[in-house]
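The values are calculated or read from the model by the stated rules, or taken from the named source; none is laboratory data. Quantities reported herein were computed from a predicted structural model and do not represent experimental measurements. Backbone-built Cβ (ideal geometry, glycine too); neighbour counts: all protein chains shown.
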Amino acid sequence: MATLTMKYPEVKNYVGGKYVSSKASKHLDVISPLDGSLLSTVPLSTKEDLSDAVSVARKAFETWSKVPIKERVQVFFRYKTLLEKNIVELSKLVQEENGKTLDEARAEVEKSIELTEFACSLPQLIGGEILEVSKGVECRTDYYPVGVVACIVPFNFPSMVPNWTIPNAIALGNTMILKPSEVVPLSCIKIVELLKEAGLPDGVLNIVNGDREIVEAICDHPGIDAVSFVGSTKVAKLVYARAASHFKRVLTLGGAKNHLMVLPDAHPAMTASNVTASMSGCAGQRCMAASAMIAVGNSQHIIDMICEDAKKVVPGQNLGAVISKGAKERIEGYITEAEKQGAKILVDGRNCVVKGKENGFYVGPTVIDYVTPDMSVAREEIFGPVISIMRAKDIDEALAIENASPYGNAAAVFTQSGGAARYVIERASAGMIGVNIGVPVPREPFSFGGWNDSKFGVGDLTGKSSIEFWTKLKKTTTKWNAEAKTNWMS
């Protein structure tokens, strides 16, 4: 049997500014979803590996936390420039290990640049307040870093999601343990290399690779002060409960089932293109993907246009691969189950093979009509280029379907009526709302974050409200004038 040749060297942990071998006895292959080729291998690190990294991060915190923030952000000014300079290489790396199209990969890196740009503005946002509260008495507030933070990131955005946390958390004075997804560890390597080139001191950012064992160890380790997680709701709940039981600060983002409510008066062409792009972008592997559409009233003409647009989305051209063979089988299983339950497959993406990439993992765009709210495709996160269409007689019935979902990441309404849009905005149970926008991801300085079973914890990882999560607030009251008249406030 022929031995596959790795394109990249074996992945190692990154601790104290150096690559270090893990004590692990087990490794996983890193496979490109594009064509099934072997990219590298990644260690399933041990608790001892984590403890070594935490010790280094705690020591680095003693120095880094005392550097003035205006000096800390200089690293990220330089890092932003390096991201821009290396955008082609970074984009190709994301494409190789995740399976995105090159345009999608580049957009992901461009979002990383925007996130970094926002972090550079933090000195202007965390200036403490000061007020003379009584004669001769002043109160002031100051933001202090939390300490050593651990960030557990998913496979679907190998560059963007690490950059949700790295610039803000580190610019605010924390040191970090980063746990990449074990199936896409290569982009994080390039990120730490660019940060080192940008002047980030050794030990401030460390990488420990691994799977469930390392996630559990992060939750339990007494030297880690805060934990963030992005992934499925099932795991988000487990991480939140376990880390919080050790009295850590925790914020976990879970999955989604985003509903797009399409009203009969919606602009047909704009709606169809937005719905199709939302459903198929990044092969549907994003928590902001349109997974469920509710056609309100007579919207058949828009459904017909969605099907025509979906047929223009071609795997291997403008549609990327899904992450693994298992993912492909799971997604196609959902489609088959819906068909057996009586749903109608309008556009079928099953059994897709891309010529020249026969070993890749591809699912074509799929449109399923006449789905009922009790079906799995209507309730569960599919994480593939699949949209399930349900029918509702009016906007209240559509909102009842949306509100019944345990998730709450995003919801959108397509209409030309401002009144109808406002009605949905006020009643949809989701943290991010779109009006004629299929992927309502906020731009900086607005934060990303959902409601209900899509988010556990207080604060946000990105935007201005992330300051609340990445820092502690210290309040100081001072009095120097002993002769000042006193009252109950002083």
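Exactly one residue out of Thr81, Thr116 is polar (S, T, N, Q), in a helix (DSSP H, G or I) and surrounded by fewer than 22 Cβ atoms within 10 Å (Cβ to Cβ), and it is Thr81. For segment 1-47, taking the residues that are assigned to a strand (DSSP E or B) and of a type in the set (Ser, Thr, Tyr), the one that is farthest from Gly364 (Cα to Cα) is identified as Tyr19.
Being more than 18 Å from Ser112 (Cα to Cα), assigned to a helix (DSSP H, G or I), free of Cβ contacts under 8 Å to residues at least 40 places away in the same chain and not aromatic (Phe, Trp, Tyr) is true for just one of Ala236, Ala241. Which residue is that?
Values: Ala236 fails: free of Cβ contacts under 8 Å to residues at least 40 places away in the same chain.
Of Ala236, Ala241, the one residue that is more than 18 Å from Ser112 (Cα to Cα), assigned to a helix (DSSP H, G or I), free of Cβ contacts under 8 Å to residues at least 40 places away in the same chain and not aromatic (Phe, Trp, Tyr) is Ala241.
One residue stands out in segment 347-359 among those that are over 12 Å from Gly384 (Cβ atoms) and either of a type in the set (Val, Ile, Thr) or under 27 Å from the mean Cα position of the chain (by Cα) (or both): the one that is surrounded by the fewest Cβ atoms within 10 Å (Cβ to Cβ), namely Val353. Is segment 279-299 home to any residue that is among the β-branched types (Val, Ile, Thr), in contact (Cβ under 8 Å) with a residue 24 or more places away in the chain and part of a helix (DSSP H, G or I)? No, because not a single residue in segment 279-299 is among the β-branched types (Val, Ile, Thr), in contact (Cβ under 8 Å) with a residue 24 or more places away in the chain and part of a helix (DSSP H, G or I). Of the helices (runs of 4 or more DSSP H) that lie entirely inside segment 393-490, those containing 2 or more residues that are under 23 Å from Val275 (Cα atoms) span 395-404, 418-427. When segment 360-399 is limited to residues that are farther than 19 Å from Val347 by Cα and touching a Leu at 6+ places or on another chain (Cβ under 9 Å), the one that is surrounded by the most Cβ atoms within 10 Å (Cβ to Cβ) turns out to be Ala398.
For segment 401-432, filtering for residues that are surrounded by fewer than 20 Cβ atoms within 10 Å (Cβ to Cβ) and within 20 Å of Ser388 (Cβ to Cβ) leaves 5.
Any chance segment 120-127 includes a residue that's surrounded by fewer than 20 Cβ atoms within 10 Å (Cβ to Cβ), of a type outside the set (A, V, I, L, M, F, W, C) and part of a helix (DSSP H, G or I)? Checked against the condition, which is being surrounded by fewer than 20 Cβ atoms within 10 Å (Cβ to Cβ), of a type outside the set (A, V, I, L, M, F, W, C) and part of a helix (DSSP H, G or I), segment 120-127 yields at least one hit. Hey, can you tell me all the residues within segment 128-171 that are touching a strand residue (DSSP E or B) at 6+ places or on another chain (Cβ under 8 Å), surrounded by fewer than 18 Cβ atoms within 10 Å (Cβ to Cβ) and not hydrophobic (A, V, I, L, M, F, W, C)? The answer is Gly128, Glu129, Glu132, Gly136, Glu138, Arg140, Thr141, Asp142, Tyr144. Of the residues Pro158, Pro154, the single one that is modelled with pLDDT of 95 or more, under 24 Å from Asp225 (Cβ atoms), outside any strand (DSSP E or B) and in contact with a Ser or Thr (Cβ under 9 Å, 6 or more places away or on another chain) is Pro154.
Only one of the numbered conditions (1) among the basic types (Lys, Arg); (2) within 26 Å of Thr41 (Cβ to Cβ); (3) more than 17 Å from the chain's Cα centre (by Cα) is not met by Lys100, and that is (3). Residue check: is Lys70 assigned to a helix (DSSP H, G or I), surrounded by fewer than 14 Cβ atoms within 10 Å (Cβ to Cβ) and over 24 Å from the mean Cα position of the chain (by Cα)? Against the criterion (assigned to a helix (DSSP H, G or I), surrounded by fewer than 14 Cβ atoms within 10 Å (Cβ to Cβ) and over 24 Å from the mean Cα position of the chain (by Cα)), Lys70 qualifies. Of the residues in segment 369-377, at least one is more than 28 Å from the chain's Cα centre (by Cα), modelled with pLDDT of 95 or more and at positive phi. Each residue in segment 23-60 was checked for being crowded, with 16+ Cβ neighbours inside 10 Å and modelled with pLDDT under 95, and 1 of them qualify.
State which residue is farthest from the chain's Cα centre (by Cα) when the search covers only segment 201-233 and only residues that are over 25 Å from Asp29 (Cα atoms) and either of a type in the set (Ser, Thr, Tyr) or part of a helix (DSSP H, G or I) (or both).
The initial filter retains those residues of segment 201-233 that are over 25 Å from Asp29 (Cα atoms), namely 201-204, 219-228, 233.
Cutting the leftovers down to either of a type in the set (Ser, Thr, Tyr) or part of a helix (DSSP H, G or I) (or both) gives us 219-220, 228, 233.
Details: Cys219: 19, Asp220: 23, Ser228: 11, Thr233: 12 Å.
Going through the qualifying residues, I end up with Asp220.
Within segment 466-489, identify whether any single residue is among the small types (Gly, Ala, Ser) and surrounded by 15 or more Cβ atoms within 10 Å (Cβ to Cβ), and answer yes or no. I'd like the intermediate steps shown before the answer.
Residues of segment 466-489 that are among the small types (Gly, Ala, Ser), as a first pass: 466, 482, 484.
If we keep only those that are surrounded by 15 or more Cβ atoms within 10 Å (Cβ to Cβ) as well, we get 466.
Within segment 466-489, one or more residues are among the small types (Gly, Ala, Ser) and surrounded by 15 or more Cβ atoms within 10 Å (Cβ to Cβ).
Within segment 346-360, residues that are outside any strand (DSSP E or B) reach partners that are modelled with pLDDT of 95 or more and of a type in the set (D, E, K, R) with beta carbons closer than 7 Å, at six or more positions or on different chains, in the pairs Arg350/Glu332; Lys357/Asp35; Asn359/Asp35; Gly360/Asp35.
Looking only at segment 226-252, filter to residues that are hydroxyl-bearing (Ser, Thr, Tyr) and surrounded by fewer than 21 Cβ atoms within 10 Å (Cβ to Cβ); which one of those is nearest to Pro180 (Cα to Cα)? Quick ask: steps written out before the conclusion?
Keep residues of segment 226-252 that are hydroxyl-bearing (Ser, Thr, Tyr), which gives 228, 232-233, 240, 245, 252.
Then drop every residue that is not surrounded by fewer than 21 Cβ atoms within 10 Å (Cβ to Cβ), which leaves 232, 245.
Values: Ser232: 15, Ser245: 23 Å.
Here the answer is Ser232.
Of the numbered criteria (1) surrounded by fewer than 24 Cβ atoms within 10 Å (Cβ to Cβ); (2) of a type outside the set (Ser, Thr, Tyr); (3) on the phi < 0 side of the Ramachandran plot; (4) in contact with a Leu (Cβ under 8 Å, 6 or more places away or on another chain), the one Gly297 fails is (3).
Each residue in segment 253-280 was checked for being closer than 30 Å to Pro154 by Cα and not charged (D, E, K, R), and 18 pass.
Exactly one residue out of Ala343, Ala338, Ala295, Ala327 is under 27 Å from the mean Cα position of the chain (by Cα) and not basic (Lys, Arg), and it is Ala327. For the criterion of being among the small types (Gly, Ala, Ser), part of a helix (DSSP H, G or I) and assigned by TED's automatic domain parsing to the domain that holds Val146, Ser51 passes.
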